[in-house]
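The values are calculated or read from the model by the stated rules, or taken from the named source; none is laboratory data. Note that this is a predicted model, so its numbers are computed, not measured. Cβ atoms come from the backbone with ideal geometry, glycine included; neighbour counts cover every protein chain shown.
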């Protein structure tokens with residue numbers, strides 16, 4: 001059983017705050033600060049250019065990718081780090097549509113994170129030839145799997161409501177309809193058990209600054225199923241995805257397997273922070289994290305519903321149907337969140353009316369849940385959020 | 001006049017090394033170590049998610065871009081940071097070809113950095129419809145500007161030889177032929193004066209870990225001329241390039257001007273290192289840097305040619321025709337470089353036979369030039385590089 005007091009001791013948590021926004025930016029792991037300082041001083045500072053080999057910088061995208069792979073059911077050598085999530089979405093989609101010729105639709109749902117949809121739109125424009133993005137309601141994805149669908153692109157956990165898709169079921173349905181799959185694990189990796197190989201997923205992508213605590217702008221990851229890894233053509237064919245980057249050949253030849261999904265020079269300082277942040281998983285089991293997360297979210301929901309009748313649950317009520325966050329709706333959601341933050345309870349707001357609270361058992365326990373409910377009840381009772389200053393800001397967001 | 005003793009004092013330079021590889025990875029600015037530590041501790045650690053506004057993270061790509069703009073002749077609001085150079089090449093090329101419809105050729109030269117060529121190949125594959133990359137010898141670019149050329153994509157300074165293109169002349173020739181231009185400033189920014197606006201350049205891109213000393217994997221930059229900034233369509237249409245990223249609209253609307261060239265969440269730790277690294281330009285004038293660089297490279301060339309007759313100059317002999325590096329050819333170039341590195345002179349090797357030495361006046365002076373010549377002469381005289389261990393490694397590179 002994971003010792004959550006021990007995991008919590010690994011983070012810097014400012015006094016007086018209840019941080020329910022680890023689903024947006026994870027807090028600082030103490031080891032990350034030390035690791036980055038050492039990378040700067042001992043590697044960049046003293047090794048200089050030799051760090052690429054001597055400090056293992058060049059291998060970091062694959063080495064760190066393997067560590068994330070363990071959390072998402074991906075075999076060694078199937079995950080690589082780099083770039084941002086949006087870039088990784090572009091790579092995955094471009095490769096997937098090419099592997100499924102003759103079909104011109106990228107299918108997604110309206111609960112997907114907008115950047116994934118924007119990137120798909122942009123790719124379709126560049127591809128031309130009738131490629132198009134189709135979005136349906138989250139519950140209607142399976143029914144929309146027509147013979148035109150080349151790729152089904154879904155985010156497993158909805159960023160607003162926390163609604164959790166059935167990855168295995170939807171992947172099987174997509175495959176039965178002849179479509180490939182791209183799964184975005186932004187709100188899954190480090191939050192709940194993911195089994196990419198077991199689900200038969202084709203491609204997956206995700207970011208690391210949320211539940212993996214890599215810090216602001218930490219690098220993204222991409223997974224390619226082994227059956228596609230040597231066939232997927234990189235659209236972003238950068239030199240570090242070349243089979244022999246330092247041969248400086250005039251033409252591109254994709255590297256072996258997942259290596260071809262690398263593009264340019266990896267961000268070593270951010271990777272160092274991430275690598276240190278992943279050490280907590282040496283003492284944490286993702287199944288324990290999931291079980292504890294459900295306890296915390298159940299307690300939060302029942303506490304808020306009892307104390308704050310004006311807030312309407314926006315997340316699925318069944319814990320198995322949601323990720324590690326709880327969302328409530330209120331027309332003055334922005335102002336309410338500002339009032340909460342002013343009192344030290346940090347969640348966030350997502351337009352138009354969502355109050356979002358992330359529960360990350362690595363550093364949040366039942367006491368914080370109770371305290372957060374109490375502060376939220378106070379705010380709702382005193383209507384601090386209804387003062388002109390809050391309302392004015394709410395209007396322009 | 002720039003005080004180069006003062007600029008040198010701002011860097012951590014390991015004892016016993018002569019570092020002639022600042023053109024590959026600049027050394028650690030002391031301020032960068034402090035700045036990153038503060039960003040981690042005081043911003044990520046204590047502000048958590050609030051850092052995006054309170055610490056100015058969200059504005060960093062534009063704020064830091066403006067500081068680089070001053071070094072490359074770009075007006076405020078025309079440069080933005082993010083991603084890697086290869087990604088920025090893709091964005092610039094994709095936007096440029098769309099702004100020049102009816103033409104299907106991307107013209108480059110065989111001295112361009114391979115990743116730029118690979119990225120162009122990949123973009124042409126995705127575009128289809130007969131788009132293609134044509135490369136000619138560096139001296140034949142102007143003659144190759146046919147009416148089919150949509151974009152001329154060149155790296156101003158050749159990564160192997162240091163040969164410097166005439167940016168103003170070639171840009172004018174491209175425009176006269178109806179082509180747009182994408183300039184890669186990887187080996188220019190921070191090395192020599194660049195005047196993008198004066199040259200009439202359309203797009204430019206560059207990296208920051210070379211002469212701008214941002215550390216391993218520091219972010220890239222992109223410049224879009226004001227006349228195109230609101231017309232360039234982003235192919236990599238990520239949410240932070242959206243006109244209203246936090247409105248979470250279902251469809252993409254490009255942001256104003258250069259902001260649309262942002263893609264995903266910016267790498268704040270790497271940007272913090274870069275921002276601190278740029279402080280040296282408060283006390284350094286790029287024209288002084290260029291003048292001193294020419295003194296250093298002239299001295300190195302004459303010293304090496306006098307002492308090492310076996311090495312053949314691969315860089316242009318006229319200082320105005322080269323950047324801030326000097327390259328020599330030798331069939332055993334790899335082994336020679338290994339022997340040099342073993343003796344504390346750090347340059348690098350580029351296949352098949354190039355020994356490359358960067359001269360960065362911010363921290364390299366005439367004494368290092370003399371010492372480097374002496375060590376190189378010793379190595380050539382003793383044939384340390386001709387031992388089996390070196391030769392064996394040379395074969396597999």
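Taking the conditions exactly as written (away from chain A (no Cβ under 13 Å) and either within 26 Å of residue A:25 (Cα to Cα) or in contact (Cβ under 8 Å) with a residue 40 or more places away in the chain (or both)), does residue B:67 satisfy them or not? Here the answer is yes, as residue B:67 does meet what is asked. Taking the listed residues A:157, A:149, A:97, A:136, the one that is more than 20 Å from the chain's Cα centre (by Cα) and under 27 Å from residue A:327 (Cα atoms) is A:136, with no other qualifying.
Scanning segment A:337-360 for residues that are touching a residue at least 60 places away in the same chain (Cβ under 8 Å), surrounded by fewer than 24 Cβ atoms within 10 Å (Cβ to Cβ) and either away from every other protein chain (no Cβ under 14 Å) or not in a strand (DSSP E or B) (or both) yields a single hit, A:344.
Filter segment B:49-64 for residues that are within 24 Å of the chain's Cα centre (by Cα) and more than 11 Å from every other protein chain (Cβ to nearest Cβ); which is surrounded by the most Cβ atoms within 10 Å (Cβ to Cβ)? Taking the candidates together, the pick is B:64. Restricting attention to segment B:215-233, the residues that are in contact (Cβ under 8 Å) with a residue 60 or more places away in the chain, over 30 Å from residue A:58 (Cβ atoms) and not in a strand (DSSP E or B) total 7.
Only a single item in (1) part of a loop (DSSP other than H, G, I, E, B); (2) more than 11 Å from the chain's Cα centre (by Cα) is not met by residue A:212, and it is number (2).
Listed conditions (1) in contact (Cβ under 8 Å) with a residue 40 or more places away in the chain; (2) within 30 Å of residue B:356 (Cβ to Cβ); (3) surrounded by fewer than 17 Cβ atoms within 10 Å (Cβ to Cβ) are all met by residue A:100, apart from (2).
With the requirement that a residue be facing another protein chain (nearest Cβ under 7 Å) and either at positive phi or out of contact with any strand residue (DSSP E or B) (no Cβ under 9 Å at 6 or more places or on another chain) (or both), what does segment A:210-241 give you? Listed by number, the residues that qualify are A:215, A:216, A:217, A:235, A:236, A:238, A:239. Do we have any residue at all in segment B:206-220 that's under 25 Å from residue A:134 (Cβ atoms) and either in the same structural domain as residue B:73 (by TED's automatic domain parsing) or out of contact with any helix residue (DSSP H, G or I) (no Cβ under 7 Å at 6 or more places or on another chain) (or both)? There is no residue in segment B:206-220 that is under 25 Å from residue A:134 (Cβ atoms) and either in the same structural domain as residue B:73 (by TED's automatic domain parsing) or out of contact with any helix residue (DSSP H, G or I) (no Cβ under 7 Å at 6 or more places or on another chain) (or both). Applying the selection to segment B:145-157, what residues are free of Cβ contacts under 8 Å to residues at least 60 places away in the same chain and either on the phi > 0 side of the Ramachandran plot or in contact with a helix residue (DSSP H, G or I) (Cβ under 8 Å, 6 or more places away or on another chain) (or both)? B:145, B:149, B:150, B:151, B:152, B:154, B:155, listed by residue number. Residues that are within 10 Å of chain B (Cβ to nearest Cβ), in contact (Cβ under 8 Å) with a residue 60 or more places away in the chain and closer than 22 Å to residue A:324 by Cβ are absent from segment A:34-48.
Quick grid of which residues meet (1) outside any loop (DSSP other than H, G, I, E, B); (2) within 19 Å of residue A:113 (Cβ to Cβ); (3) modelled with pLDDT of 95 or more:
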{"site": "A:331", "(1), (2), (3)": "no, no, no"}
{"site": "A:363", "(1), (2), (3)": "no, no, yes"}
{"site": "A:369", "(1), (2), (3)": "yes, no, yes"}
{"site": "A:377", "(1), (2), (3)": "yes, no, yes"}
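Criterion first (at pLDDT 95 or above, facing chain B (nearest Cβ under 10 Å) and either over 23 Å from residue A:255 (Cα atoms) or out of contact with any strand residue (DSSP E or B) (no Cβ under 8 Å at 6 or more places or on another chain) (or both)) does residue A:76 satisfy it? Outline the logic, then answer.
Numbers: at pLDDT 95 or above: yes; facing chain B (nearest Cβ under 10 Å): no; either over 23 Å from residue A:255 (Cα atoms) or out of contact with any strand residue (DSSP E or B) (no Cβ under 8 Å at 6 or more places or on another chain) (or both): yes.
Judged against the criteria, residue A:76 is not a match.
Entry remark, segment B:264-281: residues being out of contact with any helix residue (DSSP H, G or I) (no Cβ under 6 Å at 6 or more places or on another chain) and either surrounded by fewer than 24 Cβ atoms within 10 Å (Cβ to Cβ) or closer than 14 Å to residue A:36 by Cα (or both) number 1 in total. Taking segment B:109-142 as the region of interest, how many residues are out of contact with any strand residue (DSSP E or B) (no Cβ under 8 Å at 6 or more places or on another chain) and without any contact (Cβ under 8 Å) to a residue 24 or more places away in the chain? Counting residues in segment B:109-142 that are out of contact with any strand residue (DSSP E or B) (no Cβ under 8 Å at 6 or more places or on another chain) and without any contact (Cβ under 8 Å) to a residue 24 or more places away in the chain gives 4. Look at residue A:163 and say whether it is at pLDDT 95 or above and under 18 Å from residue A:87 (Cβ atoms). So residue A:163 fails the test.
Residue count for segment A:247-274 satisfying the condition of being within 7 Å of chain B (Cβ to nearest Cβ) and in a helix (DSSP H, G or I): 5. The set of residues from segment B:160-175 being surrounded by 20 or more Cβ atoms within 10 Å (Cβ to Cβ), outside any loop (DSSP other than H, G, I, E, B) and under 21 Å from the mean Cα position of the chain (by Cα) comprises B:163, B:164, B:167, B:170, B:171.
The set of residues in segment A:5-33 that are surrounded by fewer than 17 Cβ atoms within 10 Å (Cβ to Cβ), assigned to a helix (DSSP H, G or I) and within 10 Å of chain B (Cβ to nearest Cβ) contains only A:30. Which numbered condition trips up residue A:310, out of (1) in a loop (DSSP other than H, G, I, E, B); (2) in contact (Cβ under 8 Å) with a residue 60 or more places away in the chain; (3) crowded, with 17+ Cβ neighbours inside 10 Å? Every condition holds for residue A:310 apart from (3).
Being within 14 Å of another protein chain (Cβ to nearest Cβ) and at pLDDT 95 or above holds for only one residue in B:129, B:91, and it is B:91.
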